[in-house]
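Handing you a structure now.
The values are calculated or read from the model by the stated rules, or taken from the named source; none is laboratory data. Not measured: the values here are computed from a predicted model. Note that each Cβ is placed from the backbone with ideal geometry, even for glycine, and that neighbours are counted across all protein chains shown.
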Amino acid sequence: MEPVKRMRMTPEEFLLWDLDQPDGRHELVDGVPRPQHPPEDDAPRGMTGARRRHDRIVVNLVAELRNRLRGSGCVTSTADTGVRIPNGNLRRPDVAVDCGRFRPDDLELDAPSLIVEVLSRSTRTADQQEKRGDYRLLPSLEVYVLVHQESPRLTVYRRLSGGSWVEEEIIGLDSVLGLPGLAVVIPLADIYEGVALET
């Protein structure tokens with residue numbers, strides 16, 4: 001796969017450009033397109049995208065959130081829909097919940113209140129540092145969740161009423177992810193259903 005050409009774009013230009021890319025979705029960082037899922041170190045040359053464990057966790061989360069939010073006015077989305085950051089970046093979280101306006105033809109979310117990233121070797125640093133910094137700039141965001149793939153463990157960042165953030169670790173299949181702002185509780189056993197965990 002050819003590396004993405006370093007061209008500077010506005011978010012509007014980027015969203016239209018990204019629709020026609022044959023090698024998958026991208027994010028816009030400092031005006032430059034970047035592959036959403038860079039290849040893992042041991043992936044075959046030219047291969048991009050997420051592995052099956054990552055994909056299973058994302059599908060489980062989308063299904064659980066969709067079922068629990070039915071009738072609430074909040075909509076669950078995948079990385080096909082972008083999130084525009086006030087600093088001009090455009091991110092594509094693995095899973096998000098948007099409780100803002102739903103316009104069917106939009107390419108980005110209106111007001112995401114929950115964002116979830118499933119950690120992988122190629123995105124771990126960006127998810128824990130760059131993206132966390134970006135997502136904190138979203139005035140609508142209440143919770144940012146990092147899902148570890150190899151073991152049942154979530155790192156959860158919650159915005160307090162004064163605007164500061166607190167970090168929480170949730171560990172074990174017997175634990176639950178509580179999302180009070182959405183009136184949702186999801187057992188970790190459901191998030192990791194069908195996922196081969198390392199012991």
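Within region 30-47, is even one residue in contact with a Leu (Cβ under 9 Å, 6 or more places away or on another chain) and at pLDDT below 90?
yes
Does D23 satisfy being at pLDDT below 90, acidic (D, E), outside any strand (DSSP E or B) and farther than 30 Å from Y192 by Cβ?
no
Could you tell me which of the residues Y144, Y157, Y135, Y192 is among the aromatic types (F, W, Y) and touching a helix residue (DSSP H, G or I) at 6+ places or on another chain (Cβ under 6 Å)?
Y144
Among all residue pairs at least 6 apart or on different chains, which show Cβ distances below 8 Å where the first residue, located in region 31-58, is farther than 28 Å from L188 by Cα and the second is modelled with pLDDT under 70 and polar (S, T, N, Q)?
P35/T48
Among all residue pairs at least 6 apart or on different chains, which show Cβ distances below 6 Å where the first residue, located in region 60-80, is within 18 Å of P187 (Cα to Cα) and surrounded by fewer than 17 Cβ atoms within 10 Å (Cβ to Cβ) and the second is at pLDDT 95 or above and of a type in the set (K, R)?
The qualifying pairs do not exist here.
Just give me the residues in region 130-154 being surrounded by 19 or more Cβ atoms within 10 Å (Cβ to Cβ) and closer than 13 Å to P86 by Cα, in sequence order.
Within region 130-154, K131, D134, Y135, L138, L141 meet the criteria.
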